[in-house]
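Below you'll find the structure, written out as structure tokens, and then a few comments.
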Amino acid sequence: MSDNIVHLKPLTRDESTTGAGELRSHFFDILRQGRVSALFQPIVDFKRQRIFGYESLIRGPSDSPLHSPVMLFDLARREERLTELDLLCRKTGILGFQERRLVGKLFLNATPQGLMEPQHRSGLTLEFLHSLGLTPEDVVIEITEQYPLTDFTFMDHALSHYRAMGFEIAIDDLGAGYSGLRRWSELRPEYVKIDRHFIQGIHEDSIKQSFVRSIVDIAAGLDCRVIAEGIESQEESATLVDMGVAYGQGYYFSKPQSSPPYLLSKALFRTPSRTRNTGLLWQSRENIADLMHKVPCLREHNTLEEAYQLFAADDHLTAVAVVDDQRKPVGLVRRSSLYATFSSQYGRALHGAKAVKNSMDRSFVQVDKFSKIEDVSSLVTDSMRTQIEADFIIVEDGCYAGLGKVLGLLKKITDLQIRNARYANPLTLLPGNVPIFEYLDQLIAAQAAFTVAYCDIDNFKPYNDVYGYAEGDKVIKLIAEILRENIDSRVDFVGHVGGDDFIVIFSSSDWMQRCSNILAEFELQIPDLYKPEDILQGGIMSQGREGEERFFPIMTLSIGVVIPNARNNITHEDVANMASQAKHHAKTMTGYSLYVERRVNS
């Protein structure tokens, strides 16, 4: 711990006397002896479903009233010793990160006031990093704000100095501090952390959701990454993922602890549904098990020589998974890395007897055997952009099952995209009849509960005749967009039958409200596609089906709904006929209509 001891300026007589108080005495003992410890809390990458880095959180001695970092730093500020305490805390965090062999980014807290103290000397953090074999690229300086910050010019100069050395910058507790958005706009950090107040209960609070959406949008314009703090439940985490938040931390994933986890359970993550659903869900029968290679794995105590023998026996083997005693994956031994180690003079003799756990790659992608191929695609390819021949681990019930290759995944995705293009409507890119019927077949085979809504635009043909095909295409694109926006893209399906006819297959239980929202949104937007004079007279003159000139009202939308019973030995043709009849009933009603045929569910 000697590396953590800070060389203090000599105490004044007032500071050394008992009259300064017991608390002050505790504080100066802590500084002299380096008696602080670091806890580490994972920061997770939602998209890649893994740990992105760790925040170092400092605690005073457990037997001291200064165990709380708030009290510790408040006293340091009053004693004008923030610089010493800041440096001690940073050294403690860096040393703990290195000793625990943690991977990813290390987030180190720093107070603006500490940087402004006259005794602050830059470069000490960099020197200590280099002494431990770490680089500034491994570290994010996280600016905390417990007290008002007014000198933005000084802070800008200080942070520019850190950036010049290679550090990235984060600002903490956005929305809770004194300067808020101004601090963000002035300092232009690489990361911004949203205060826990706006995260707690966000799945039930539309105001908090609006705030976070605004932050996500602003961050995108500033090329800044958003981290949500204080996540405590699966519902909060899932909501943040759906809203496009990139990173998160909180007790839901892991409490701060002295020995934090290297890996997190995949059950904690959920694939974002914010990505626009194109309706190409008939791929769901394809899962990652089709790409799995059953190859041997190693235990943590196995040697590098044993790993080498596996590679020597199989020229196509590019990686071997390492598992613990419960067959949970903990790392990968890669052929290229091992061969590089053994290729040096005496490399095999020197390293062959070492355990693989000391040399394995702890940064790897793990996916469940039954994951959908399209869900795994962006996760794996984004994580391995520069390793096109890399492997990822496939598990079943959390235990090692085999390996998958990125090249194999890319080939499968390409095949699926070609198939998608063949059956998608060229105007809306929504799936046509073939995938619609295939998707219905899947639901019927699974005897799942689902609802089918057949949507048809009233008076579309006269509009198309009068305004032209280009304007007619805008109407088709509009209804397609409205349908996409008003479904749950994780479980619902949108198909384009043709022309102005669309099918929505709901697995979400609130389908009635979603249909009402679709009708309301279409009614709100459709007037924008007419000329003002046509809106004033309530419609247009056009030729009817018999060639006669007559008046047609402004377009409306009709939705016919059926609730099939998959247990009644029905086929997709049966469902299509039911939906078509329900649509016919809806169109006999005047204006915007929603007709629900419930008899088919008997």
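The values are calculated or read from the model by the stated rules, or taken from the named source; none is laboratory data. Values in this document were obtained by computation on a predicted structure and should not be read as measured data. Backbone-built Cβ (ideal geometry, glycine too); neighbour counts: all protein chains shown.
Observations on the model:
- Note on segment 497-545: residues that are within 44 Å of the chain's Cα centre (by Cα) and not in a helix (DSSP H, G or I) amount to 16.
- Looking only at segment 445-464, residues that are within 17 Å of Asn569 (Cα to Cα) and surrounded by fewer than 20 Cβ atoms within 10 Å (Cβ to Cβ) come to 5 in all.
- Test: residue in segment 49-61 that is of a type in the set (Lys, Arg), touching a residue at least 60 places away in the same chain (Cβ under 8 Å), under 23 Å from Phe167 (Cα atoms) and out of contact with any Lys or Arg (no Cβ under 6 Å at 6 or more places or on another chain): yes
- Of all residues in segment 104-133, those satisfying the criterion of being among the polar types (S, T, N, Q), modelled with pLDDT of 80 or more and in a helix (DSSP H, G or I) are Thr125, Ser131.
Residue by residue, here is whether (1) modelled with pLDDT under 90; (2) under 30 Å from Ile487 (Cα atoms); (3) of a type in the set (Asp, Glu) holds:
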site: Ala267; (1), (2), (3): yes, yes, no
site: Ser284; (1), (2), (3): yes, yes, no
site: Leu291; (1), (2), (3): yes, no, no
site: Phe364; (1), (2), (3): yes, no, no
site: Asp368; (1), (2), (3): yes, yes, yes
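- Residue within segment 300-313 that is surrounded by fewer than 14 Cβ atoms within 10 Å (Cβ to Cβ), under 22 Å from Arg101 (Cβ atoms), of a type in the set (Gly, Ala, Ser) and at pLDDT 90 or above present: no
- Taking segment 290-319 as the range and being aliphatic (A, V, I, L, M), over 16 Å from Ser359 (Cα atoms) and part of a strand (DSSP E or B) as the test, no residue passes.
- Contact map, segment 480-498: residues that are in the same structural domain as Thr239 (by TED's automatic domain parsing) paired with residues that are of a type outside the set (S, T, N, Q) and assigned to a loop (DSSP other than H, G, I, E, B), Cβ distance under 7 Å, separation 6+ or inter-chain. No pairs are found.
- If you go through segment 26-40 and keep only what is assigned to a strand (DSSP E or B) and surrounded by fewer than 20 Cβ atoms within 10 Å (Cβ to Cβ), you end up with Ser37, Leu39.
- In the set Arg484, Arg490, only one residue is part of a helix (DSSP H, G or I), out of contact with any helix residue (DSSP H, G or I) (no Cβ under 8 Å at 6 or more places or on another chain) and charged (D, E, K, R); that residue is Arg484.
- Tabulated pairs, segment 545-559, first without any contact (Cβ under 8 Å) to a residue 60 or more places away in the chain, second assigned to a loop (DSSP other than H, G, I, E, B), C-beta under 9 angstrom, 6+ apart or interchain: Arg550/Gly544; Phe551/Gly538
- Of everything in segment 50-63 that is of a type outside the set (Gly, Ala, Ser) and surrounded by fewer than 19 Cβ atoms within 10 Å (Cβ to Cβ), the residue that is farthest from Gly104 (Cα to Cα) is Asp63.
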